[in-house]
Amino acid sequence: MIGINKEEISEKRQNNDSEVVLSVNGVSKKFCRDLKRSLLYGVQDIASEISGLREKSENLRSKEFWALQDVSFELRKGESIGLVGKNGSGKSTLLRIIAGLIKPDTGLVEINGRVAPLIALGAGFSPILTGRENIYANMSILGLSKKEIDERFDAVVDFAEIGDAIDSPVQTYSSGMAARLGFASAIHTEPDILLLDEVLAVGDIRFRIKCYQRLADLREQGTAFILVSHNPISILSICDSAIYLSQGKLLMTGSAQEVTNQYEEDLAINTIVQSSGELLLPERQQTSGLQIKSLSFKDNEDNTLDKLTSGEPLKLQIICKAYEELNDVGITIIATDISKEKSRVLFIESERDKKLFNLATGESVIELHMPYCCFRPGSYSLNVTIKNGKYRNILDIVNSFFFNVQSNQNMSECQFYQPIIWNYVNIAKSKYLQKIDSKSQEKNLEKPTLQENQ
């Protein structure tokens, strides 16, 4: 029997707890939909709090609703968590509570370190102050001294790429310039926790790539992230795990891939049209340099397959549009059996096959040829991800391409289709024929005469 060192276990727990930079325990927040009632409740709550009579209550008053209800999770050093959910699910409310902008009605938030909230880029800037003045004001609010800001000022300006405009009023900036300055100011505070609320959807491609690289550097230094985004690409690129909120309640926690897949399935996006074995995706605001336009299965004659047939040849056709030349592009394909508790049945990665693509600007067709469809009959969901670059940045992803597989044969007892070839040989007869053939060869060598045979 193996002995258990209780002191070692206790030490590991303490080390693990020391890595926790944020702890959210049973946090709830309620709001009132009626403005007049909201003001009245606010006055009543302030008066009760000043007098020390206010008690946190889980009961809703008239016109109130729960924006968050009993949410708990922990964030550790260097960890990145994504928050997904429809509009109104409580994501921004949760970030505002963590940032200290609003107080929870019930529950507790414990923070160990400096928090830099990027709830809206440039939201803390004064339009009449110059960029320089706003940098000092914004970074001092985030906890830096004047000396520390002086040391980082040039790095902030270089990252923001606004040049001489630094001494112009922010009201003369474009939205992109203000966004770059806000992001640069926040990340150069070197926070322990960085809160990002839909802030990576602004700016041009080059600046976004630079932001992702900077975030990767901060993570290596131990900065933890909480990212709110409706874009699964951002969540999957930055986050290891994710939290799924719906109507203020925590529905699911897990890996970023699992949570975003579930969220997209529940969302049932109306803009995606799937018919006749083909998934068509509409043109979207270009964000990553490439978009998947359509997915389809084809036979050898390029006919679109409504259903796949076990054992028959097929190819997966991916049509994508590149907005610039892209090198070292790789494809990852994951097939999930949705009729069997969403079990993964296929994983293909072109990079593992030493196959990367260099895409020219414009539309391209990438095809994966399969000599046999090895799926058993059933219903499946296909996940297609396109990545490139040193850090394998996600360019685009499609999580829910549903397809069905049928069979002309009985495969109910099989997990996959195995191509086979049957052969038959009678061993006894084979040995007899070999013996006869051997004797014939000997007689031919002796050249027997007719008399000898008689």
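The values are calculated or read from the model by the stated rules, or taken from the named source; none is laboratory data. Owing to the predicted nature of the structure, the values given are computational and were not obtained by experimental measurement. When we count neighbours, we look across all protein chains shown, and the Cβ atoms used for this are built from the backbone with ideal geometry, even at glycine. The protein model used for the area step is the full one, side chains on, heavy atoms only, and it has no ligands, DNA or RNA in it. Shrake-Rupley method; radii C 1.70, N 1.55, O 1.52, S 1.80 Å.
Annotations
- Residue match in region 179-199 (condition: assigned to a helix (DSSP H, G or I), open to solvent by less than 10 Å² (accessible area, probe 1.4 Å), of a type in the set (Val, Ile, Thr) and under 23 Å from residue 129 (Cβ atoms)): yes
- Answer residue from region 324-344, given it is open to solvent by 70 Å² or more (accessible area, probe 1.4 Å) and in a strand (DSSP E or B) and is modelled with the lowest pLDDT among those: 344
- Residues satisfying the stated conditions in region 348-364, i.e. part of a strand (DSSP E or B) and in contact (Cβ under 8 Å) with a residue 24 or more places away in the chain: 357, 358, 359, 362, 363, 364
- Check on residue 251, touching a strand residue (DSSP E or B) at 6+ places or on another chain (Cβ under 7 Å), surrounded by 19 or more Cβ atoms within 10 Å (Cβ to Cβ) and modelled with pLDDT of 90 or more: no
- Members of region 160-170 found to be open to solvent by less than 60 Å² (accessible area, probe 1.4 Å) and in a loop (DSSP other than H, G, I, E, B), listed by number: 162, 168
- Annotation note: Cβ proximity below 7 Å between a residue of region 365-376 that is surrounded by 14 or more Cβ atoms within 10 Å (Cβ to Cβ) and a residue that is small (Gly, Ala, Ser) (sequence gap 6+ or interchain) occurs for 372/311; 373/310; 373/311; 375/310; 376/310.
- Residue match in region 111-120 (condition: within 31 Å of the chain's Cα centre (by Cα), of a type outside the set (A, V, I, L, M) and open to solvent by less than 40 Å² (accessible area, probe 1.4 Å)): no
- Region 234-257 residues that are closer than 11 Å to residue 71 by Cα and touching a residue at least 60 places away in the same chain (Cβ under 8 Å), paired with ones that are open to solvent by less than 10 Å² (accessible area, probe 1.4 Å) and acidic (Asp, Glu) (beta carbon under 6 Å, 6 or more apart): none
- Residue list for region 318-369, filter: more than 24 Å from residue 290 (Cβ to Cβ) and touching a strand residue (DSSP E or B) at 6+ places or on another chain (Cβ under 7 Å): 337, 338, 339, 342, 343, 344, 345
- For residue 83, the criteria (1) at pLDDT below 90; (2) under 28 Å from the mean Cα position of the chain (by Cα) hold in every case but one, which is (1).
- In region 365-409, the qualifying residues are those that are among the charged types (D, E, K, R) and not in a strand (DSSP E or B), and the one that is modelled with the lowest pLDDT is 390.
- For region 254-264, the set of residues classified as surrounded by 15 or more Cβ atoms within 10 Å (Cβ to Cβ) and either at pLDDT 85 or above or on the phi > 0 side of the Ramachandran plot (or both) consists of 256, 259, listed by residue number.
- Search result, residues across region 128-159 that are surrounded by fewer than 12 Cβ atoms within 10 Å (Cβ to Cβ) and either hydroxyl-bearing (Ser, Thr, Tyr) or not in a helix (DSSP H, G or I) (or both): 128, 145
- Spans of strands (runs of 3 or more DSSP E) in region 265-323 with at least 3 residues at pLDDT 90 or above: 290-298, 314-322
- Every residue from region 228-248 that is modelled with pLDDT under 85 and either open to solvent by less than 60 Å² (accessible area, probe 1.4 Å) or basic (Lys, Arg) (or both): 229, 231, 232, 233, 234, 235, 236, 237, 238
- Pair list, Cβ under 7 Å, 6 or more apart: region 28-49 residue in a helix (DSSP H, G or I), other residue at pLDDT below 75: 45/54; 48/54
- Test for residue 56: is it assigned to a loop (DSSP other than H, G, I, E, B) and either open to solvent by 100 Å² or more (accessible area, probe 1.4 Å) or modelled with pLDDT of 60 or more (or both): yes
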